[in-house]
Amino acid sequence: MTKRNRSFIFLDPKSAHQRRKSEELLSTNTTFRIVRIGMCAVAMFLVLTAVASAASAQRMTPAVRAIQRARSSVANIHSEKTAKTNRELFSSQPGRKVNGMGTGIVIDERGYIVTNHHVVDGVDSLRVTMYDGSSYNAQVVSYDRGHDLAIIKVNPTRPLKVMPFGTSSDLMLGETVIAVGNAFGYEDTVTGGMVSSLSRDVEVNEKQSYKNLIQTDASINPGNSGGPLINLDGEAVGINVAIRAGAQRIGFAIPIDDARRVIAQLLSIEQLNKTSHGLMTTDIKTEKVRKLRVKSSRPGSPAEKSGLKSGDVVVKVENTDVVDAADFERALLGRKAGDEVDILIRRDGKEQTLKLKLAALDRAPTTTVVRANNPERPSERAWRLFGIRLQKLGQQEIGLVSPRYRGGMRVLGVRSQSSAAKNGISTGDILVGLHIWETVNFDNLTYVMDHPQLKVFSPLKFYILRGDETLYGHLQVASKK
């Protein structure tokens with residue numbers, strides 16, 4: 001018997017040619033196996049990709065899409081103010097610094113942002129951070145304490161994205177809404193819920209109350225104030241403003257249609273630029289229609305000279321699409337007197353372009369106006385028409401008025417149940433303006449009261465100084481007779 005050498009492997013008893021053929025066949029079969037395995041792997045990859053894509057489609061819910069559309073237009077606001085205790089008020093020692101927080105909504109690409117007035121009230125400094133991480137210092141431009149809204153301005157390094165705005169006119173009970181904001185300082189926090197109720201009147205304290213609020217169970221926390229309440233289209237339908245203390249998931253928002261009317265006043269070029277267009281308009285907002293309709297033009301104003309007529313619908317100003325008066329004012333903001341702009345309107349179903357040339361804001365004449373056919377004294381007429389008794393400021397008092405104004409008239413009395421009383425004017429306030437005119441003396445006041453369009457202007461916008469603050473509201477003009 002022959003012994004096998006365990007140190008070696010014996011060759012297979014085949015010829016070399018046969019061995020090569022077998023090796024080639026083996027190699028070919030191996031290639032086929034590798035190809036088949038590869039094809040299976042590709043097929044498996046495609047299946048897994050399809051499953052993943054389906055999962056992504058399911059995850060991309062309407063809420064996610066809405067948030068992605070709106071988030072870039074949300075501003076996180078951080079503030080600092082000096083607070084003093086009652087004991088410190090009469091001390092020369094500096095008060096302690098208090099940090100605050102809130103949220104804002106971009107309303108113009110140049111850096112105009114709307115928020116609540118209580119977010120910026122009395123602050124020493126403001127800092128705004130956007131979703132992309134950019135951060136800017138901000139200044140208060142204008143505010144309306146009564147409606148608790150304010151406009152602040154930043155100077156961005158590139159145009160900001162304007163929030164898509166919807167309408168609150170067609171909100172439904174149970175409709176899904178989302179609050180976005182700087183909750184407790186946690187920037188860009190998102191919470192969801194539904195519309196719990198509509199047209200809520202809420203009294204926060206003796207000085208602040210709200211009308212016609214949206215109630216929602218979306219979690220709204222300190223820091224959410226001034227931020228958007230959005231629908232599933234990613235459109236702002238409200239501005240978050242308050243919560244019910246001690247309750248769970250009871251929050252409130254200002255309807256966006258109400259807010260936009262106030263925003264238009266806060267962006268008024270008459271107040272911010274001292275220029276005038278003379279156009280009086282009405283916002284039309286329903287489930288299917290959103291448009292700005294011309295109500296009238298002041299006689300001799302740029303609007304009248306441009307050919308704008310009652311019933312016209314303003315579609316666009318230069319490159320800015322116009323849906324309401326807020327759009328119209330911001331489209332003209334920053335332009336100088338004498339600048340001419342193209343206004344696209346729709347009249348009788350047809351579109352046409354008109355030229356509007358802005359004018360400098362007229363002041364009421366300061367010369368004495370004598371009207372023999374009206375023996376009633378101006379002070380008595382103001383008491384009858386507005387419900388306020390006024391006195392011209394003395395020369396020494398004028399120095400106490402803000403440098404923005406040339407003077408004013410002190411409110412000596414307010415008639416009970418008058419328009420002035422109902423709109424918050426108090427004894428001691430200083431009336432500095434009515435409509436677009438200053439009220440430095442009784443000649444100014446007479447010019448306004450004798451204006452042929454006084455009833456057209458009604459409710460008449462008024463401006464008063466109270467301490468260091470400029471406040472405004474609207475007076476319903478009583479009958480002249």
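The values are calculated or read from the model by the stated rules, or taken from the named source; none is laboratory data. On a predicted model such as this, the values are computed, not experimentally measured, just so you know. No Cβ is skipped: glycine too gets one built from the backbone with ideal geometry, and neighbour counts run over all protein chains shown.
Scanning the range 321-345 for residues that are more than 23 Å from Ser169 (Cα to Cα) and either buried (at least 16 other Cβ atoms within 10 Å of the Cβ) or in contact with a helix residue (DSSP H, G or I) (Cβ under 7 Å, 6 or more places away or on another chain) (or both) returns Ala331, Leu332, Leu333, Arg335, Val341, Ile343, Leu344, Ile345. Taking the criterion of being crowded, with 19+ Cβ neighbours inside 10 Å, in a strand (DSSP E or B) and β-branched (Val, Ile, Thr), the residues of the range 176-223 that qualify are Val177, Ile178, Val180, Thr189, Val190, Thr191, Val195, Ile214, Thr216. Checking the range 247-260 against the condition returns a match, with at least one residue being at pLDDT 90 or above, closer than 30 Å to Tyr405 by Cα and either of a type in the set (A, V, I, L, M, F, W, C) or touching a helix residue (DSSP H, G or I) at 6+ places or on another chain (Cβ under 7 Å) (or both).
No other residue among Asp124, Asp148 is outside the structural domain of Gly223 (by TED's automatic domain parsing), touching a Lys or Arg at 6+ places or on another chain (Cβ under 6 Å) and not β-branched (Val, Ile, Thr) apart from Asp124. Does Gln248 meet the test of being touching a residue at least 40 places away in the same chain (Cβ under 8 Å), outside the structural domain of Ala75 (by TED's automatic domain parsing), over 16 Å from Leu354 (Cβ atoms) and not basic (Lys, Arg)? No.
Scoring Leu292 on the criteria (1) surrounded by fewer than 18 Cβ atoms within 10 Å (Cβ to Cβ); (2) of a type in the set (A, V, I, L, M); (3) closer than 24 Å to Gly111 by Cα leaves a single failure, condition (1). Within the range 414-439, residues that are under 20 Å from Lys207 (Cβ atoms) reach partners that are among the polar types (S, T, N, Q) and at pLDDT 85 or above with beta carbons closer than 7 Å, at six or more positions or on different chains, in the pairs Val414/Ser426; Val414/Thr427. Pull up the range 302-357, narrow it to residues that are closer than 19 Å to Met280 by Cβ and among the polar types (S, T, N, Q), then point me to the one that is modelled with the highest pLDDT. In this case the residue turns out to be Ser306. Of all residues in the range 148-163, those that are among the charged types (D, E, K, R) and closer than 26 Å to Glu287 by Cβ total 1.
The rows are residues; the columns are (1) surrounded by fewer than 23 Cβ atoms within 10 Å (Cβ to Cβ); (2) among the small types (Gly, Ala, Ser); (3) within 30 Å of Thr286 (Cβ to Cβ); (4) modelled with pLDDT of 95 or more.
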position	(1), (2), (3), (4)
Tyr131	yes, no, no, no
Ser142	yes, yes, yes, no
Gly146	yes, yes, yes, no
Phe165	no, no, yes, yes
Ser169	yes, yes, yes, no
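Does Gly307 meet the test of being more than 23 Å from the chain's Cα centre (by Cα) and in the same structural domain as Ala218 (by TED's automatic domain parsing)? No.
Just checking, which of Val98, Val141 is in a strand (DSSP E or B), farther than 23 Å from Gln271 by Cβ and either small (Gly, Ala, Ser) or not assigned by TED's automatic domain parsing to the domain that holds Asn221 (or both)?
Step by step, each of Val98, Val141 is checked, and only Val98 is in a strand (DSSP E or B), farther than 23 Å from Gln271 by Cβ and either small (Gly, Ala, Ser) or not assigned by TED's automatic domain parsing to the domain that holds Asn221 (or both).
Filter the range 244-265 down to the residues that are surrounded by fewer than 21 Cβ atoms within 10 Å (Cβ to Cβ), of a type in the set (Lys, Arg) and within 20 Å of Pro164 (Cα to Cα) and list them by number. Scanning the range 244-265 gives a single hit, Arg261.
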